[in-house]
1. Which of the following values of Rg/Rh (Cα atoms, Kirkwood Rh) was calculated from the structure shown: (i) 0.97; (ii) 1.01; (iii) 1.51?
2. Pick from Glu39, Glu61, Glu71: which is most flexible by mean-square fluctuation in a GNM of the chain where alpha carbon atoms under 10 Å apart are linked?
3. Which residue, Ser62, Ser43, Ser27, tops the fluctuation ranking in a GNM of the chain built on C-alpha contacts under 10 Å?
4. Which value in nm describes the separation of the simple spin-label points at Phe6 and Glu39, placed 7 Å from the Cα toward the beta carbon?
5. Roughly speaking, what is the stretch gain from Glu52 to His32, that is 0.36 nm per residue apart minus the C-alpha to C-alpha distance, in nm to one decimal?
6. Check Gly23: other-chain or 5+ apart residues with amide H under 5 Å from its amide H, H built from backbone geometry?
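No value in this document is a laboratory result; all are computed from the given coordinates. Owing to the predicted nature of the structure, the values given are computational and were not obtained by experimental measurement. Here the Cβ positions follow ideal geometry from the backbone for every residue, glycine too, while neighbour counts run over all protein chains shown.
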Amino acid sequence: MIFELFSKVALKIEVPSHKLRKGDVASIVETHTGRPGEEPGYSLEVFNAVGETLAVVTLRESQIELLINNEVLHVRRLDEVPA
């Protein structure tokens, strides 16, 4: 597994059922090794700008990426329509 428990990651995909978009930030709260030959997965907790939980979702390892030091966080409204 690439990602450590409680690390911050960015979504690489959209999750429309929870109004989440590519680039949204989440915290890893659980790891899932998967069956033999399957990609590992992670349960992620997504927070709003004031720290309240918006969603807990489970994604595959290839659907998330670590944050890096030359990125900046951005605030968006959940009701925004994607461009």
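1. (i)
2. Comparing Glu39, Glu61, Glu71 in a Gaussian network model of the chain, the most mobile one is Glu71.
3. Between Ser62, Ser43, Ser27, it is Ser62 that shows the largest mean-square fluctuation.
4. Once both label points are built, they end up 2.7 nm from each other.
5. On the way: separation 20, 0.36 × 20 = 7.20 nm, distance 2.41 nm.
Taking 0.36 nm per residue and subtracting the Cα distance, the gain is 4.8 nm.
6. Leu11, Lys12, Ile13
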